[in-house]
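These notes are about the structure you will find just below.
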Amino acid sequence: MSTRTLLLRLAAPLQAWGDHRGQVERRHTQPLPTKSGVIGLLAAALGHDRDTPLGDLAHLQMGVRVDLPGTLLRDFHTASDYRGKPLPAAKVNARGMQTATSPPKYTLTSERFYLQDAAFLVALEGPAQRIEEAAAAVANPVYPLSLGRRSCPPTYPLRLCVADLPLDEALARQPWLASPYARQVWSHQHGGKKPAQPPIIHLHAEVEDEAGDVHRTDQPLSAQTSTTRHATRRVRVLQIPIATGWDPDTDTQTDQQSGHDPLALLGW
């Protein structure tokens, strides 16, 4: 059976890739996209409802390259009833109605964590027909797409291409996803008195591999709200050398604000 690889650019002001530890009061994010989150994005693009079985989508092989890791953002929330009434409890009574908290609780606090200004290259390998269908759906999605949470829409381009390459090679062939302004920021963050502009950088990547020595608990088994389940999968960690386009023979003293375009971070 012939296989192909779909390459996606996952970049946005905010992303949030939860895990099986998700709680209402404290919602974490993983440092890179989870397989369950990416498969969920494809399912939304294809128009699958939450009760639709994942089918062969869950069997696609995934690889991720971290082009920009981003920084962690903590968002603190408080919620209360505007009428001054106690908040409802999680349990219900015999009639199926939520009861008030006892003792009364009037304010619920929670924390949500996000990755800000991150950019990832995701590769999905599988049967050629399934990959072509997924690629077409991402370009014209049925449901709105998000990067982990509904409040995190992706920037475009989202779909890069479909390649006749295995995961490792597909991840290594794509240019660095950092925008011109993001490159300037990276240069100053990684330099001292003089901005760092190496011709080659090594990007962290993870590729699904049964012989891998790292375990990730994000293999989706069910997308149904009441029975969302995950299994463990193995990945192989590697460092991928990528050309930056910087010339080591030129003067690296550049003005960080020169040519600043804030909309470049949105892919515009």
Dipole check, the chain, charges on Cβ (K,R +1; D,E -1), about Cα centroid: among L46, C152, P199 the Cα furthest to the positive pole belongs to C152
Both in Å, the radius of gyration and Dmax of the C-alpha trace of region 138-236 are 18.0, 54
To the nearest Å², the heavy-atom accessible area per residue of region 168-212 with 1.4 Å probe amounts to 53
With the charge dipole of the chain built from beta-carbon charges (+1 for Lys and Arg, -1 for Asp and Glu) about the Cα centre, the Cα from Q129, P141, L72 projecting farthest to the positive end belongs to L72
With +1 on the Cβ of every Lys and Arg and -1 on the Cβ of every Asp and Glu, the dipole magnitude of region 120-252 about its Cα centre, in debye rounded to the nearest 20, is 640
Given a 1.4 Å probe, the accessible area of region 66-143 per residue, as a whole number of Å², is 60
Taking Rh as the Kirkwood radius computed over alpha-carbon pairs of the chain and applying Stokes-Einstein at 4 °C with viscosity 1.567 mPa s, one gets a diffusion coefficient in µm² s⁻¹ of 63
Across I131, I201, I240, the residue with the highest GNM fluctuation in the chain (Cα network, 10 Å cutoff) is I201
Nearest 10, in degrees from 0 to 90: the angle of helix 35-46 to the longest Cα principal axis of the chain is 80
About its Cα centre, the chain carries a charge dipole, from +1 on Lys and Arg Cβ atoms and -1 on Asp and Glu Cβ atoms, whose size in debye to the nearest 20 is 1360
Ranked by GNM mean-square fluctuation in the chain (Cα springs under 10 Å), the top entry among P88, P157, P248 is P88
By the mean-Cβ-within-10 Å protection proxy, highest first, 76-84, 188-196, 46-54 rank as 46-54, 188-196, 76-84
With +1 at each Lys and Arg Cβ and -1 at each Asp and Glu Cβ, the charge dipole magnitude of region 31-127 around its Cα centre, to the nearest 20 debye, comes out at 640
Carbon and sulfur atoms account, in whole percent of the 1.4 Å probe accessible area of the chain, for 53
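The values are calculated or read from the model by the stated rules, or taken from the named source; none is laboratory data. None of the values given here were measured: they were computed from a predicted structure. Cβ atoms come from the backbone with ideal geometry, glycine included; neighbour counts cover every protein chain shown. Accessible surface areas use protein heavy atoms only, side chains included; no ligands, DNA or RNA. Shrake-Rupley method; radii C 1.70, N 1.55, O 1.52, S 1.80 Å.
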